[in-house]
Amino acid sequence: MKVEPHNEVERPVTVEEPKPVSNPQGNSSRRWWIAVLALVIVAAIVVSGILPRIHARADLDKETAEMAIPTVSVVQPKRGAPAQEVVLPANVQAYIDAPIYARTNGYLKHWYVDIGAHVKAGQLLADIETPEVDQQLRQSKADLATSEANLNLSRITNDRYADLLKTDSVSKQDADNAAGDYAAKQATVQSAQANVKRLEELQAFEKIYAPFEGVITARNTDIGALIDSGSSGGTRTELFHIAQPDKLRVYVSVPEAYSQAAKPGLTADLALAEFPGRLFPGTLVRTAEAIDQSTRTLLVEIRVNNPTGTLLSGAYAEVHLKLPTATAAFILPVNALLFREEGLRVAAVTDGKHAVLKPVTLGHDFGSEVEVVAGLAGNESIIVNPPDSIVSGEEVRVAQPAASGESQR
C-alpha cells in the first residue's frame with residue numbers, strides 16, 4: 001500500500017468488481033422452466049374455465065334424459081265379483097191387462113162401475129140399449145114362425161104323396177117334388193133358427209161383463225153415448241179398461257253383453273222412486289230368445305207378486321238384476337283407457353321400466369270405472385292418465401305412492 005504525502009488531497013479509491021462469468025446453459029434451463037410454468041398456469045386457467053361448463057353440460061344432458069322419461073302413476077286391476085248386479089230401467093205391467101169393447105151397436109143405457117173399482121169375474125159393468133137389434137130379433141122370430149108353418153105344410157104334403165105313390169095314385173115325379181119341397185123347407189127353418197140365435201146372442205151383448213177379476217183402470221163412455229162395435233166399418237169404442245194387479249209383469253231390455261247370463265230362475269229386485277230404500281223381489285221367468293237388432297238387447301220378463309196391490313201397473317222401476325259372470329272380469333278407472341285407431345288399449349308396466357299397450361274388451365260401464373272382460377291377467381300395473389303419445393316399449397318411471405302422513409297433509 002502506497003502512502004501519500006500528508007499534504008496531498010485524498011482521492012477516492014475505486015474498487016473494481018469482478019466480472020461475472022457467463023453460463024449459457026443455466027440461462028436456457030431457467031427460461032424453459034419459466035415457459036413451462038407459464039404454460040401450466042394458462043392450462044390451469046383454461047381448465048378451470050372449461051371443466052365447470054363440461055360438468056354443467058353433462059348434468060344438463062343427464063337431467064334432460066331423466067326428464068324425457070315420463071313419470072306415471074299405476075293402479076292394480078280389481079277383480080270383479082262372481083255375480084254382478086246390473087241396474088236397468090223397466091216398465092211395470094199388470095199380469096192381465098185388457099180393453100173392453102162392445103159387440104153390438106146402440107146407446108149406453110147405464111154403467112155400474114168407475115175407475116178404481118175392484119170387480120169380480122162376470123160382474124155386470126154396463127147396459128147398452130139396442131133398439132135396432134131388438135127389432136131385428138122380433139122380425140127374425142116371425143120369419144122363423146113362417147118357416148115352421150111352411151115346413152109343417154110341406155111335411156104333410158110329402159107324407160100324403162108318399163102314401164099315394166104306394167097305390168100309384170100319383171106319379172113318381174110329383175112324389176119327388178113333394179119330398180124336395182119338404183127338404184127345402186127344413187133348410188129354411190134351420191136358417192131362420194140360426195138367424196134368431198145370432199140376434200139373441202147379439203142382444204145378450206147389451207150387457208157388459210168383467211172378463212176376469214181385476215181393477216177398472218179407465219172408463220171411456222157415459223150414459224147416452226153412441227156405441228159402435230166396428231162391425232159396420234166405424235171406429236170401435238173402448239168402454240172400459242181392466243187390469244189384474246195381483247201379479248205383475250216387468251219387461252226389461254238386457255244388453256247383448258249380458259244376454260248369455262240372463263237365464264230363467266234368476267232373482268231380480270225392483271226399486272221404485274215412491275218407495276225409497278225398499279226393494280220388491282221378483283223372478284226372471286222367460287226371455288225372448290232373440291236379440292232385438294234395433295236396440296241390441298234381449299227382452300226378458302220378470303214376474304213380481306203383488307197381492308196387496310202396493311205396486312201400480314204402468315209404473316217406472318229400476319230392476320236390480322243379479323247376473324253370474326262366466327269369465328273373470330276386472331275393474332279399472334275410466335281414465336286408464338286409451339282410444340287408439342287400432343282399438344281400445346290400456347298401458348301396463350310389466351317389468352317396472354317399460355310400458356306395454358294391451359288391447360282390452362269392456363263390459364259394463366259404471367261411470368268412473370269400467371269393467372274389463374278380456375285382455376288382462378290381473379297381475380299388471382296399469383298406468384293411470386297415460387300420455388297420448390305413449391307406445392309399447394317406451395321407458396317410464398313409476399311414481400312412488402305418497403306416504404300416509406304426506407297424503408293427509
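The values are calculated or read from the model by the stated rules, or taken from the named source; none is laboratory data. Quick caveat: nothing in here was measured; it's all calculated off a predicted structure. Note that each Cβ is placed from the backbone with ideal geometry, even for glycine, and that neighbours are counted across all protein chains shown. Note: accessible area is taken over every heavy atom of the protein model, side chains too, but ligands, DNA and RNA are not part of it. Shrake-Rupley method; radii C 1.70, N 1.55, O 1.52, S 1.80 Å.
Some observations on this one:
- Selected residue (only one of LEU338, LEU323, LEU311 is in contact with a Phe, Trp or Tyr (Cβ under 7 Å, 6 or more places away or on another chain), open to solvent by less than 20 Å² (accessible area, probe 1.4 Å) and farther than 19 Å from VAL86 by Cα): LEU311
- Residue match in segment 315-334 (condition: of a type in the set (Ser, Thr, Tyr) and within 30 Å of ALA94 (Cβ to Cβ)): yes
- When every residue of segment 2-24 is checked against the conditions, none turns out to be open to solvent by 90 Å² or more (accessible area, probe 1.4 Å), modelled with pLDDT of 65 or more and either of a type outside the set (A, V, I, L, M, F, W, C) or over 30 Å from SER253 (Cβ atoms) (or both).
- Failed condition for PRO264, given (1) assigned to a strand (DSSP E or B); (2) surrounded by fewer than 17 Cβ atoms within 10 Å (Cβ to Cβ); (3) modelled with pLDDT of 90 or more: (1)
- Residues that are under 22 Å from TYR161 (Cα atoms) and among the small types (Gly, Ala, Ser), drawn from segment 176-205: ALA178, ALA179, GLY180, ALA183, ALA184, ALA187
- When ALA204, ALA184, ALA194, ALA179 are checked against the criterion of being free of Cβ contacts under 8 Å to residues at least 24 places away in the same chain and either farther than 30 Å from THR235 by Cα or in contact with a Pro (Cβ under 8 Å, 6 or more places away or on another chain) (or both), a single residue qualifies: ALA179.
- Restricting attention to segment 145-166, the residues being under 12 Å from ALA184 (Cβ atoms) and either loosely packed, with under 13 Cβ neighbours inside 10 Å or touching a residue at least 40 places away in the same chain (Cβ under 8 Å) (or both) number 1.
- Taken over segment 203-223, residues that are under 23 Å from THR130 (Cα atoms) and either in contact with a Lys or Arg (Cβ under 7 Å, 6 or more places away or on another chain) or open to solvent by 50 Å² or more (accessible area, probe 1.4 Å) (or both) amount to 11.
- Residue in segment 288-308 that is nearest to LYS247 (Cα to Cα), counting only those that are open to solvent by less than 80 Å² (accessible area, probe 1.4 Å), out of contact with any Pro (no Cβ under 8 Å at 6 or more places or on another chain) and touching a residue at least 60 places away in the same chain (Cβ under 8 Å): ARG303
- Residue in segment 268-287 that is open to solvent by 60 Å² or more (accessible area, probe 1.4 Å) and under 30 Å from LEU108 (Cα atoms) present: no
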